[in-house]
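To keep things clear, I will list the structure first and then write my remarks on it.
The values are calculated or read from the model by the stated rules, or taken from the named source; none is laboratory data. For clarity, every value in this text was computed on a predicted model and none was experimentally measured. Quick reminder, even Gly has a Cβ in these numbers, built from the backbone with ideal geometry, and neighbours come from all protein chains shown. Heavy atoms of the whole protein, side chains included, go into the accessibility calculation; ligands, DNA and RNA do not. Shrake-Rupley method; radii C 1.70, N 1.55, O 1.52, S 1.80 Å.
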Amino acid sequence: MFWSLHAGTSTIDTLLSSEEGFTLEQLLDEDDLLQECKSQNTKLLDYLTESATAARLIDYVIEMPAEDDSEARRFKYPYVASEVLSCDVNSIHEVLLADSSRLVEKLLSILQQSPPLPPVLIGYAAKVLIALYKCSPESFAASFSALWEGAAAADSGSQLSLPRLTERLMAHLGSDAVLQMLTVLCVGEPVMAEPGMAQQLQPPAAAWIPHEVLVPALFEQLAAPNPEAAQNASALLTTLLEASPALPACFCEPELEARERCETLLKMCLGAAGHPNGGGGGLNLPALDVLVRLLVRCREIGASSPSCADHLLRGVAESVDAFFVAIATPAQLPERISRFLPEKGARAMPRPQAVTRCKLLALFEEALRREEPETLIALCQLGFFHVVLDLLLLPHHCNALHMRTAALIDVVLSDRSAESAESAATREQVLHSLLVEAQLPQRLMECATASSEMAVRPSGHAYVMVLLRALLEAAAREQSISSALEAVEGWDEFVGPSGLLASWENVQSKPLGGKMPQRASDEDSDGDEYDGSRELERALQLQAQLRAQQENSSSGEDSGSDGEGPYLEHFAQLLSQRNFVNDMGAELDEVLQDGSGGGASAQWDASFDDDEFDTEPLPAQPLGAGGGTASFADFGASAPAAPAADFAASDFAAFDDAAEAPAKSDASPPDFAAFGDAPAEAPAAEAPASDFAAFDVADVSAKSDAPASDFAAFGDEDAPAAFAADFGGAPEPTSGESSAENAAAAPDPVADGLGESSAAPLTG
């Protein structure tokens, strides 16, 4: 596809211009079809926007292929057809929404099939409808409004009439694709948010299905026998309640119908034993979700719709014992699991209860926030807070349950300044049940003390300590809580300055390692430099402190400390200029190699003082042509006398008593100590080259009088001729052979493992 951008003629154009004609399937087989559509290929769009062609594309989307169809018909053609219909091309959308073409009705005819729908095909159809809406929401809404009005005027039983369309949508609500389509078209698509932030819905300009029609239909689906349909109806209803600025009208008015609907919702929540959507005690969890969300929205909206909350709380108070028993009742296994197990085995299977318990605790939390006297008194009589503390303190690893129980207790301990006389009396009874009867302070202290002695603390330890702090703050506000805590043995020591609570808070108050993130949104560039103001401040403080220490230092300090101050000062200055987040080390090497960074080297180096040794340094002796110089003082030994032009045998006595004097030469002799052998006599100048081949030595360069092995000992086989001339004559290379060829053919004596220098006397 990339290379087609640079091609002269695309395969699509070639196919469209073919004299033999072409088929839609041939176009769908082309890999460049979508690219050509998006690039506004006029000839291609003219063909695709024909009513017959668009209808065939929709057939691929909504019709199930046969088993004997080709692989392309079963997999590729439906996908490519849905992508073509979903392209952001106005001409394609206009032909689909045209009244005369009736293509939208053909697309929605997939809902006429019996459930369950093929997940792939209904997903493709939903994608096309969402793309039509996003392209032009106003045209989309106007088109369907005209269709519904025409269908209602002609025949109320038409497939496109609003009642029939809503009925078919609810029949397939168990499909996740239908749920996603209704969420986007009727509630709004979630707006992308930063990680850790709640997603907010962007409401549509106009709901595809009006809320006054959609909400009652979804409400009825909460009791559907299909568990997926009930769950999806609950999810869509809670999303709609969260996104709407006010409660749906069906829950508020008219008064009689609103009350009946609230009572029906409570009956759905309690359900009956064996309900397909049931949790513990036969609860209908999808309906319970809607009940809790309705109470939350009533509290958030305020006094604008008090009737709905009053009806719901009154029904909760009447059935509070059933909700309370459901906390401890084991949940029922879903039918999709229990049908594969025998009856005895199904009863023995473990059943998770955290989901049911969290939803019930959220319901009771809303009752505590609303301070419904009947519900609160009934909970106190049932010993509700004993169960709550058990769920918090008994060993388990469900953090959601810890969070929910801690939030419920925190609601009871929170400030209630504006209260009536009736609510104040109810609150005193609730506090007595929590602090005295359930023994909240004692149990929290006991759990905190036991947890502090463990190597691995329980998962709910942090919630326990936070609740203890909340209890201490509540005692400072309310006298009744303070009086209850004064009667608790060991409370003052626990919350005292040296108590366990203070030590835990000291640990928690310490800053964590690393740096706090500076980014506030995704709009910031990833390449922004990190704000190192804190590190700069610390480096400058260190620099000032070191400068002050240097100024106040006494003159009697040793030389090592004299250089330490400027060195650390320079290091602190270097740190203050560093970017510790994006640094890769290259800048540090440049600063260290720069002359400006050598403040420390001016104060200290590795040279030795002259008075540390008893010897006097002598001038450096040359090592040879191109060689360097060395001082014997650096090695802590006396330098030998300068060598004379004529060497005596006694001069070599230090190396080998049997050594003979070398031939007279004007240059310095080689150091035979490096070889560990006696000095060699100079070979005869008339020695043929074949004599050297017997010793497997490398040939020397042209006009050289010494074998190459003498230079190999120095690590340089290509020594200059002037240096080689000091060791005597050597034979010339044979005719037809170059020195480089001889050197390449000759093996290296050191590499061959001979272990001895070729400086030994050569015999012919």
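A few comments on the model shown:
- Residues in the range 109-141 that are touching a Leu at 6+ places or on another chain (Cβ under 9 Å), of a type in the set (G, A, S), modelled with pLDDT under 90 and part of a helix (DSSP H, G or I): S139 alone.
- Given (1) part of a loop (DSSP other than H, G, I, E, B); (2) touching a residue at least 40 places away in the same chain (Cβ under 8 Å), index of the condition M454 fails: (2)
- Screening R404 against (1) under 26 Å from R299 (Cα atoms); (2) basic (K, R); (3) modelled with pLDDT under 90 leaves a single unmet condition, (3).
- Exactly one residue out of F385, F324 is at pLDDT 90 or above, assigned to a helix (DSSP H, G or I) and within 20 Å of K267 (Cα to Cα), and it is F324.
- Those residues of the range 435-451 which are under 42 Å from the mean Cα position of the chain (by Cα) and either in contact (Cβ under 8 Å) with a residue 60 or more places away in the chain or surrounded by 16 or more Cβ atoms within 10 Å (Cβ to Cβ) (or both), in sequence order: L440, P441, R443, L444, M445, C447, A448, S451
- If you go through the range 251-268 and keep only what is open to solvent by less than 20 Å² (accessible area, probe 1.4 Å) and farther than 15 Å from R299 by Cβ, you end up with A258, C262, L265, L266.
- Unmet criterion (only one of (1) open to solvent by 50 Å² or more (accessible area, probe 1.4 Å); (2) at pLDDT 90 or above) for A54: (1)
- In the range 229-254, the residues that are under 13 Å from E212 (Cβ atoms) form Cβ pairs under 7 Å with partners that are of a type in the set (K, R), at six or more places apart or across chains, as follows: L247/R297; C250/R261; F251/R261.
- Selected residue [assigned to a helix (DSSP H, G or I), open to solvent by less than 20 Å² (accessible area, probe 1.4 Å) and under 24 Å from T375 (Cα atoms)] from V412, V464: V412
- Evaluation of M192 against (1) open to solvent by 10 Å² or more (accessible area, probe 1.4 Å); (2) at pLDDT 90 or above (one fails), failing number: (2)
- Test: residue in the range 16-24 that is of a type in the set (A, V, I, L, M), over 22 Å from A98 (Cα atoms) and modelled with pLDDT under 90: yes
- In the condition set (1) open to solvent by less than 60 Å² (accessible area, probe 1.4 Å); (2) under 39 Å from the mean Cα position of the chain (by Cα), Q508 is compliant with all but (1).
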